[in-house]
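Step one of this worksheet: look at the structure below.
The values are calculated or read from the model by the stated rules, or taken from the named source; none is laboratory data. Here the structure is a predicted model, which is why all the values come from computation and not from measurement. All Cβ positions, glycine included, derive from the backbone under ideal geometry; neighbour counts span all protein chains shown.
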Amino acid sequence: MTKISILGCGWLGLPLGKALLAAEFSVNGTTTSTEKLAVLENAGIKPFLIVLSENKTTGNLTDFLEKSEILIIDVPPRLRGSETENFVSKIRNIIPFIEKSFVKNVLFISSTSVYNDADAFVTEETIPKPETESGKQLLETEQLLLSNNNFKTTVLRFGGLIGEDRHPIHFLAGRENLDNPDAPINLIHQEDCIGIILKIIENDSWNQTFNAVTPYHPSREIYYTQKAMALNLASPKFNNENNFGGKIILSDTLENVLNYTFTKPNL
């Protein structure tokens, strides 16, 4: 039975671990919370308490990676507000442990924030020019992992993550004077995130970079107004005078190389 280690069993990592178990993989998973160890164990995931920081790693990474052929890194950078960090250093600190382990393949969960917001169609051939600190550090981390010859890395750049319990409309409902009504949405549902990861593993698609965004791009105003109505929420109001467009992320490579069909095409 192939063993997979998931670094970061949070909103995506925990249900991903359950899906991997259902696909008959053995799964190790990490959490930074003592209380969540039991949650992982009850799900059938072997739990590890591991905390990454810029200067050191707390927890037993060696045991976490033991006999794992695949490592999935799903640890988002904390770079908003006053909580800033050197995310690149956090990942750099774990590379020696990966190099000494059985890990052959690394899947790094990144973001389409590595691209700027120019009004254009974006493919994997588009040169990333991140504007945010998060995007800049994610891109540097991608390059750090891809340049390591001790293992193969696939980078998965997700758009905005949504799910049954997570949707921007709950934050935007009833708000007024919102910017950029004509900008296209670039979102992806949790179910498709998991489905794509399973497909990458199934197809042995390593040393690749994929954009992962649902091919559905109505404007922000149209999409969030319709979503508010569907959920009986107050409609958001947009400022049409503050309109600067935005990018459309294309996932054609993912669909063609993996032969993947989105299960939530209309979000």
Checklist outcome for this item: When restricted to 17, 10, 29, the only residue part of a loop (DSSP other than H, G, I, E, B) and surrounded by 15 or more Cβ atoms within 10 Å (Cβ to Cβ) is 10
Checklist entry - Could you give every pair whose Cβ atoms fall below 7 Å, whose first residue belongs to region 62-74 and is free of Cβ contacts under 8 Å to residues at least 60 places away in the same chain and within 20 Å of residue 12 (Cα to Cα), and whose second residue is of a type in the set (Ser, Thr, Tyr) and crowded, with 16+ Cβ neighbours inside 10 Å, counting only separations of at least 6 or pairs across chains? => result 64/5; 64/30
Checklist entry - When you go through (1) more than 15 Å from residue 197 (Cα to Cα); (2) in contact with a Phe, Trp or Tyr (Cβ under 8 Å, 6 or more places away or on another chain) one by one for residue 10, which number turns out not to apply? => result (2)
Checklist entry - What are the residue pairs meeting all of these: first residue in region 1-29, first residue among the aromatic types (Phe, Trp, Tyr), second residue surrounded by fewer than 18 Cβ atoms within 10 Å (Cβ to Cβ) and not in a strand (DSSP E or B), Cβ atoms under 6 Å, and 6 or more apart or on different chains? => result 25/2
Checklist outcome for this item: Going through region 32-72 in order, the residues found to be closer than 25 Å to residue 142 by Cβ, at pLDDT 95 or above, outside any strand (DSSP E or B) and not hydroxyl-bearing (Ser, Thr, Tyr) are 50, 59, 61, 64, 65, 69
Checklist entry - Does residue 156 qualify as being of a type in the set (A, V, I, L, M, F, W, C), over 16 Å from the mean Cα position of the chain (by Cα) and at pLDDT 95 or above? => result no
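With respect to residue 201, determine if the residue is buried (at least 18 other Cβ atoms within 10 Å of the Cβ), touching a helix residue (DSSP H, G or I) at 6+ places or on another chain (Cβ under 6 Å) and touching a residue at least 60 places away in the same chain (Cβ under 8 Å).
In short, no.
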Checklist entry - If you take the residues of region 118-139 that are surrounded by fewer than 17 Cβ atoms within 10 Å (Cβ to Cβ), out of contact with any strand residue (DSSP E or B) (no Cβ under 7 Å at 6 or more places or on another chain) and not hydroxyl-bearing (Ser, Thr, Tyr), which of them is nearest to residue 256 (Cα to Cα)? => result 125
Checklist entry - Among 30, 57, 2, which is the only one that is touching a Gly at 6+ places or on another chain (Cβ under 7 Å) and polar (S, T, N, Q)? => result 30
Checklist entry - What do you reckon, is residue 136 more than 26 Å from residue 13 (Cα to Cα), free of Cβ contacts under 8 Å to residues at least 24 places away in the same chain and not polar (S, T, N, Q)? => result no
Checklist entry - If you check 38, 23, which single one turns out to be small (Gly, Ala, Ser) and either on the phi > 0 side of the Ramachandran plot or touching a Leu at 6+ places or on another chain (Cβ under 7 Å) (or both)? => result 23
Next on the checklist: Among the residues of region 34-71, what is the count of those that are under 20 Å from the mean Cα position of the chain (by Cα) and either farther than 24 Å from residue 192 by Cα or among the polar types (S, T, N, Q) (or both)?
Outcome noted: 4
Checklist entry - For region 109-144, how many residues are under 16 Å from residue 86 (Cβ atoms) and of a type outside the set (Asp, Glu)? => result 11
Checklist entry - Within region 140-152, how many residues turn out to be hydroxyl-bearing (Ser, Thr, Tyr) and buried (at least 21 other Cβ atoms within 10 Å of the Cβ)? => result 1
Next on the checklist: Whether any residue in region 68-75 is farther than 25 Å from residue 112 by Cβ, surrounded by 12 or more Cβ atoms within 10 Å (Cβ to Cβ) and not charged (D, E, K, R) is what I want to check.
Outcome noted: yes
